[in-house]
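All remarks here apply to the structure that follows.
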Amino acid sequence: MYTINFDQIRQGNLQELFAVLEVELQNLGIDFYLIGAVARDIWLTALHDIPASRITRDLDLALLLSSEEQYQLLRQRLIETGRFTTSRGNSYTVVFEDGRPVDLLPFGAISMEGSVNVVGLGLTDIRVDGFEEVFEAGTQVITVNGNPYRVCTLAGIVILKLIAYDDRPEHRPKDILDISFILEHYFDIAEAEIYERHDDLFDWPDFDMGKAAARVMGRQMQPIIRRSAELQKRIETILDRQLEIGEESKVAEWLGRETRWSIKYALATLEQLREGLRDELP
């Protein structure tokens, strides 16, 4: 169990925002977990003191819902507080009084074949592949200012970002930048566990910390994606496709954009991530 405070996330006035959101979510009995930039910054910045590579003010919440009526009621109650406004361009976004966008991303019984569609303006249809599997096996409870929150693990973040990029590669290169930043620092983050549970990697004749970290990340993703044959196939296909096209891989190119990895090294890292999905878990 980890304990942090909002100041450690370095994301501005989150405490007031959460106070308002929690009241309405609890009143409606809605389970949720944190994804996106805030989840990333909890793991990297608050818990491991690694400054974020880029600042994103959006707050993303994955909401476990049974119906669109429940979703619309939540939006209505948030607007009625007088502290949120709607977004014309996105039916899944409300905007807090300080200008911070809050994405309310529903999954569960409300979704059909990995997709959710709601009545509204602008974007009304989204993909939610992997949300339920991450909720079940890829979240961890972290106490923030005395309140427990489900937070997407780094393995869950990588899964959801791979899918988000694959759905709209022309619009989502920043998802791959986030993955590269996580992988770049993952050996330091998971060092104790790597030495304790993944010591087989130190037998490599050409041991490399970055590649070893990617291999461990793949192993961490494995129990999440194996909850669904469709999700497992989706993630494996994304990685296999990028490895097959080799140096033409846009994912490899973006992985090296800020880390300054060569295309060859980025592909080797992707290969280790893929191999981790196949490994027998220690």
Item to check | Conditions (1) open to solvent by less than 20 Å² (accessible area, probe 1.4 Å); (2) of a type outside the set (D, E); (3) in contact with a helix residue (DSSP H, G or I) (Cβ under 7 Å, 6 or more places away or on another chain); (4) modelled with pLDDT of 95 or more; number of the one not met by T139 | outcome: (1)
Checklist entry - Taking the range 21-42, which residues are open to solvent by 20 Å² or more (accessible area, probe 1.4 Å), at negative phi and not charged (D, E, K, R)? => result V23, Q26, N27, L28, F32
Checklist outcome for this item: In the range 145-171, anything of a type in the set (K, R) and touching a residue at least 24 places away in the same chain (Cβ under 8 Å) is listed as R150
Item to check | Qualifying positions in the range 205-228 - part of a loop (DSSP other than H, G, I, E, B), within 24 Å of S262 (Cα to Cα) and either of a type outside the set (A, V, I, L, M, F, W, C) or open to solvent by less than 10 Å² (accessible area, probe 1.4 Å) (or both) | outcome: P205, D206, D208
Item to check | Qualifying residue in the range 143-151 (condition: touching a strand residue (DSSP E or B) at 6+ places or on another chain (Cβ under 6 Å), crowded, with 20+ Cβ neighbours inside 10 Å and under 19 Å from P51 (Cα atoms)) | outcome: yes
Checklist entry - Can you tell me which residue in the range 56-72 is modelled with the lowest pLDDT, limited to those that are touching a helix residue (DSSP H, G or I) at 6+ places or on another chain (Cβ under 9 Å) and open to solvent by 30 Å² or more (accessible area, probe 1.4 Å)? => result T56
Next on the checklist: Can you pull out every residue in the range 244-264 that is of a type in the set (A, V, I, L, M), open to solvent by 50 Å² or more (accessible area, probe 1.4 Å) and under 17 Å from E170 (Cβ atoms)?
Outcome noted: I245
Next on the checklist: Quick check on D178: is it within 20 Å of the chain's Cα centre (by Cα) and among the acidic types (D, E)?
Outcome noted: yes
Checklist entry - Looking at (1) free of Cβ contacts under 8 Å to residues at least 60 places away in the same chain; (2) aliphatic (A, V, I, L, M); (3) closer than 16 Å to R54 by Cβ, which is the only condition A190 fails? => result (3)
Checklist entry - Here are some conditions: (1) touching an Asp or Glu at 6+ places or on another chain (Cβ under 9 Å); (2) modelled with pLDDT of 95 or more; (3) surrounded by 18 or more Cβ atoms within 10 Å (Cβ to Cβ). R77 meets all but one. Which one does it not meet? => result (3)
Checklist entry - Just wondering, is there one or more residues in the range 103-113 that are in contact with a helix residue (DSSP H, G or I) (Cβ under 7 Å, 6 or more places away or on another chain), modelled with pLDDT under 85 and buried (at least 16 other Cβ atoms within 10 Å of the Cβ)? => result yes
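The values are calculated or read from the model by the stated rules, or taken from the named source; none is laboratory data. Predicted model, so just to flag it, every value in this text is computed and none were measured. Using ideal geometry, Cβ is built from the backbone for each residue, glycine included, and neighbour counts are taken over all protein chains shown. The accessibility values were calculated without ligands, DNA or RNA, using every heavy atom of the protein model including side chains. Shrake-Rupley method; radii C 1.70, N 1.55, O 1.52, S 1.80 Å.
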